[in-house]
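> Can you keep this structure in mind? I'll have questions shortly.
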Amino acid sequence: MKKILYFSFLISMLSCQPEFLEESIRNQSPIDFANNGNPSEIVTAVYNNLYTWEQHSFAWIGISSITSDDADKGSVASDLGTDKHDLDNWTFTPSSISFNDIWIGNFRGIARANQALKYLPEFAALAPQIKSRYIAEVKFLRAYHYFNLVRMFGGVPKLEKVPISPEEIASANVRSTREEIYSLIEADLQEASAILPNSYTGADLGRPTKWSAKGLLAKVSMYQKKWLNVISNCDEIIRSQQFDLLDDYAKIWREVGEFSTESVWEINAKGDDPSKGIQQYNEVQSPRGGSNDRGWGFNVPSQNLIQSYELNDKRKAATILNVPQTTWDGSYTTEGTVGPFYNYKAFVSRTQETWNGNNSQTNKNLRILRYAEILLMKAEAENEMGNSMEALISLNLVRKRAGLQDTSAQLQNEIQQLIWNERRIELAFEHDRTFDLRRQGRAGVVLRAHGKNYIDGKHDLFPIPQIQIDLSNGKLIQNPLY
């Protein structure tokens, strides 16, 4: 399914400037393209954005992980990673490069999705069932990109189609409300879940399924405290009996754990023409220095995270790579590397996995939604609705896999704290912690205790990139206090 193909008819939305928004098919008319083009390539071009530097690499790692209490910048003091030291300390500004990278990456994905949605209906020879499935896949991906944006920035420009008229182009420079963006996300996911198949096999692994859409919809609902919607979507996934917790937590992060029974949606980084994965995602986080220097050494476990594990929690050894330590495949020792800890979930074996000889192109899948998170979302929603005993059933399933005893807590507030902590430990380095703290209403308290300069009312959202405000001639309005 995954190929590295870019097509000239797909725009790269580097900003909201009219020339990017209006770019059309080159060298052939829309009718000619619909008659002679390959519709699968339109969809592939939307997927390709998931592998780019701006979408899921250094900026995303910095914003979603280094900002949290789970991680520190890492690397060496002199290597600032452009703005990663500022993200770590919460001293960033609207001009910090990571915010513009993320803006570019996600809006480029949205722009490609809108182009695909514009032209897919024109393919007369395409079987209706395949056409509707392609459209559903693209809507899922558009929803995913918008979910990233709304969690980071709040309301952003809402683009439901390729802007053509002057009025539509002008609207691309105006922020919609947070609620309007969530409404678009929900509509896309509901439409996608009604059409997408229950599963895929072979080369199609990595395409979103019906359950991927329902899982993401449950997460979107959780961020809006729509607890009944969270429960209903999670229950459907659980009742499908297509998913289960993988017995060995450590194997989730290895190649043998890709597309396992726990996978609700993960980005398929396997490709052979050429062989590329998510651009430098693993290299950025791999051990730095030593006799076999592998990476840049960023996004390392914090002491606070390390000390948060319960005794005998199996997840600790699968998440924290110590110095010195020999890796699970016996091929590499961290002795002599910079710093005492690394993110073990990002480790790639060069001897027991299909490493292609290039650190920057490591074809390691990125897990986005796992069955464990479905159980934890259900637990949180049930508890919020006063169904504490039901919440404990799901919570304890996750704890049992980790080698921990069931919790017997009974008070709703106590169970809430346990679920929040379980999310932190279970999902460490999976790019949710900072967003979780915000939606839970305790980001300032937790992050200031960790030594980060979090300012309530300001840092509840990240800043709109200053370059995007400038390109819009001031029509994009900055978030408060920046």
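> Please compute the contact order of the chain in relative form: average sequence separation of alpha-carbon pairs under 8 Å and at least six residues apart, divided by the residue count, as a percent.
About 19 percent, as a whole number.
> Return the distance in nm (one decimal) between the two label points of a simple spin-label model at Leu80 and Val445, each offset 7 Å from Cα along Cα→Cβ.
For Leu80 paired with Val445, the spin-label model returns 3.4 nm.
> Give, rounded to the nearest 20 debye, the magnitude of the charge dipole that segment 238-371 has about its Cα centre when Lys and Arg contribute +1 at Cβ and Asp and Glu contribute -1 at Cβ.
Computed about the Cα centre, the dipole is about 220 debye.
> Per 10 Å bin, what percent of the C-alpha pairs of segment 323-482 does each bin hold, from zero upward?
9, 24, 26, 26, 14, 1
> Another one. If one computes the Cα centroid of segment 149-221 and of segment 414-434, what distance in Å separates the two points?
25
> Taking square-rooted eigenvalues a ≥ b ≥ c of the alpha carbon gyration tensor, is segment 399-481 rounded, prolate or oblate, where a/c under 1.5 means rounded and, failing that, a/b exceeding b/c means prolate?
prolate
> At a threshold of 8 angstrom on Cα-Cα distance, excluding pairs fewer than six apart, so keeping six or more, what relative contact order does segment 122-258 reach in percent?
Contact order relative to length: 20 percent.
> Multiply the residue separation of Ser171 and Thr201 by 0.36 nm, subtract the distance between their alpha-carbon atoms, and state the gained length in nm to one decimal.
6.7 nm
> With contacts defined as alpha carbon pairs under 8 Å and 6 or more residues apart, what's the relative contact order of segment 331-466 in percent?
It rounds to 15 percent for segment 331-466.
> Also, I was wondering about something else. With just the Cα atoms of segment 326-407, tell me how far they stretch along each of the three principal axes, in Å, largest first.
52, 24, 22
> Something else: Collect residues whose amide H, placed 1.01 Å from N in the peptide plane, falls under 5 Å from the amide H of Ser260; neighbours closer than 5 in sequence don't count.
Long-range HN contacts for Ser260: none found.
> With label points built 7 Å along Cα→Cβ from the Cα atoms of Ile455 and Ser232, find their separation and express it in nm.
Here the modelled spin labels are 4.2 nm apart.
> Taking 0.36 nm per residue of separation and subtracting the Cα-Cα distance, what length does fully extending Asn292 through Ser40 add?
Roughly 86.6 nm would be gained on extension.
> Okay, next question. What aspartates and glutamates sit close enough to Lys73 to cross-link, taking a C-alpha to C-alpha distance under 17 Å and skipping anything fewer than 8 places away on the same chain?
Answer for Lys73, where 17 Å is the Cα cut-off: Asp83, Asp86, Asp88, Glu283, Glu430, Asp432, listed by chain and number.
> Cross-link candidates for Lys118: which lysines have Cα within less than 30 Å, leaving aside residues fewer than 8 places away along the same chain?
Lys2, Lys3, Lys131, Lys139, Lys158, Lys161, Lys210, Lys214, Lys219, Lys270, Lys276, Lys475
> Considering only DSSP beta bridges with both partners in the chain, what is the antiparallel share in %, to the nearest 5?
Bridges in the chain that DSSP calls antiparallel: roughly 90 percent.
> Quick one: length gained pulling Ala317 to Thr354 fully straight, 0.36 nm per residue minus the C-alpha distance?
11.0 nm
> Still on this structure, I have one more. Taking the Cα centre as origin and putting +1 on Lys and Arg beta-carbons and -1 on Asp and Glu beta-carbons, what dipole magnitude results for segment 140-196, to the nearest 20 debye?
For this selection, approximately 240 debye.
> With the dipole of the chain worked out from charges on the C-beta (+1 for Lys and Arg, -1 for Asp and Glu) around the Cα centre, which of Leu476, Gln416, Ile238 lies farthest toward the positive end?
Ile238
> Between Glu180 and Ile393, what is the label-to-label distance in nm when each label sits 7 Å out along the Cα-to-Cβ direction?
4.2
> Taking amide H atoms as placed 1.01 Å from N in the peptide plane, list the residues 5 or more away in sequence, or in a different chain, whose amide H sits under 5 Å from that of Asn479.
Correct list: Ile464.
> Given (1) 64, 50, 49; (2) 73, 51, 46; (3) 75, 51, 43 as candidate values of Cα extents along the principal axes in Å, which corresponds to the one derived from the coordinates?
(1)
> Here's a follow-up. Just how much of Asp329 is accessible, in Å², when a 1.4 Å probe is used and the result is rounded to the nearest 10?
Number for this one is 20 Å².
> Can you tell me the dipole magnitude for the chain around its Cα centre, using point charges on the Cβ only (Lys, Arg +1; Asp, Glu -1), in Debye to the nearest 20?
Roughly 120 debye for the chain.
The values are calculated or read from the model by the stated rules, or taken from the named source; none is laboratory data. Everything numeric in this text was worked out from a predicted model, so none of it was measured. Please note: Cβ atoms are built from the backbone with ideal geometry, for glycine as well, and neighbour counts cover all protein chains shown. Surface accessibility is based on the protein's heavy atoms, side chains included, excluding ligands, DNA and RNA. Shrake-Rupley method; radii C 1.70, N 1.55, O 1.52, S 1.80 Å.
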